[in-house]
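The values are calculated or read from the model by the stated rules, or taken from the named source; none is laboratory data. The shown structure was predicted, so the numbers you read here are calculated from the model rather than taken from an experiment. Quick reminder, even Gly has a Cβ in these numbers, built from the backbone with ideal geometry, and neighbours come from all protein chains shown. Accessible surface areas use protein heavy atoms only, side chains included; no ligands, DNA or RNA. Shrake-Rupley method; radii C 1.70, N 1.55, O 1.52, S 1.80 Å.
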Amino acid sequence: MRRLCLDRCKVLAKALTILVSLFFLIFAPGQVVARDRDDGPRPLAQVYELIEDFVREDYLSNWFASPRLIRRHFADPLDYYWGKKDVPLKDVVRDKMAYITRWPQRYFRLISETLEVTRSPEDPYIYAVRFQYEFETKRKGDQKAGLGETSLLLELFDKRVMIRGEGGKVLERY
């Protein structure tokens, strides 16, 4: 009888371990993926190229036009988001979707020579990024165009970029 109880406890412990692992895979992907990093930080030139591609092809082109893309690329919570600290991801999703609804036509173009990438002295996988871009947004009866500046706090994993902070400002309107 005691042996049967011990076997059941082992089975329950294994099941609990599996459930906890699944929980972290689903709800905390950044923490799980972080263990998959390579042996050390990449050379800054390689990081610069990776970040430039991310900014140009993902951040400015797709502009995270769906909740799924936002959840895939933004941390929860964000360290900072447009002047606020420790912002829950659900608030970021709501804000981004409101912007997309308000401005259904959007165009952003990176001004390449303005891209600055700085590695964090505390964590070799965290980078402060700043760049300028031209923008044009349109909706029925209104349009805006100009020059903006964005600052991002990015965490790099093997093949993934996680946005941990986002802010910026409009520098000029045309």
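Descriptive notes on the structure:
- Among residues of the stretch 96-121, those that are out of contact with any strand residue (DSSP E or B) (no Cβ under 8 Å at 6 or more places or on another chain) and free of Cβ contacts under 8 Å to residues at least 12 places away in the same chain, counted: 5
- Selected residue (criterion: nearest to Gln132 (Cα to Cα)) from residues of the stretch 42-68 that are out of contact with any strand residue (DSSP E or B) (no Cβ under 7 Å at 6 or more places or on another chain) and part of a loop (DSSP other than H, G, I, E, B): Ser61
- Test result for Arg160, under 22 Å from Ala45 (Cβ atoms) and at pLDDT below 95: yes
- Test result for Tyr125, in contact (Cβ under 8 Å) with a residue 40 or more places away in the chain, open to solvent by 60 Å² or more (accessible area, probe 1.4 Å), of a type in the set (Ser, Thr, Tyr) and under 29 Å from Arg42 (Cβ atoms): no
- Of all the residues in the stretch 53-64, those that are touching a residue at least 24 places away in the same chain (Cβ under 8 Å) and either among the polar types (S, T, N, Q) or loosely packed, with under 15 Cβ neighbours inside 10 Å (or both) number 1.
- Of all residues in the stretch 151-165, those satisfying the criterion of being in a strand (DSSP E or B) and in contact (Cβ under 8 Å) with a residue 24 or more places away in the chain are Leu152, Leu153, Leu154, Glu155, Leu156, Val161, Met162, Ile163, Arg164, Gly165.
- Residues of the stretch 84-106 classified as open to solvent by 80 Å² or more (accessible area, probe 1.4 Å), modelled with pLDDT of 95 or more and either of a type in the set (Phe, Trp, Tyr) or not in a strand (DSSP E or B) (or both), total: 2
- Of everything listed in (1) in a strand (DSSP E or B); (2) open to solvent by less than 50 Å² (accessible area, probe 1.4 Å); (3) at pLDDT below 95, the single unmet condition for Val117 is (3).
- The residue that is farthest from Met162 (Cα to Cα), counting only those in the stretch 69-83 that are open to solvent by 50 Å² or more (accessible area, probe 1.4 Å) and part of a helix (DSSP H, G or I), is Arg71.
- Among the residues of the stretch 128-174, those identified as open to solvent by less than 20 Å² (accessible area, probe 1.4 Å), out of contact with any Ser or Thr (no Cβ under 7 Å at 6 or more places or on another chain) and small (Gly, Ala, Ser) are Gly146, Gly148, Gly165.
- Cβ pairs under 6 Å, 6+ apart, first in the stretch 65-81 and modelled with pLDDT under 95, second open to solvent by less than 30 Å² (accessible area, probe 1.4 Å) and assigned to a helix (DSSP H, G or I): Ala65/Ile100; Pro67/Val93; Ile70/Val93; Ile70/Lys96
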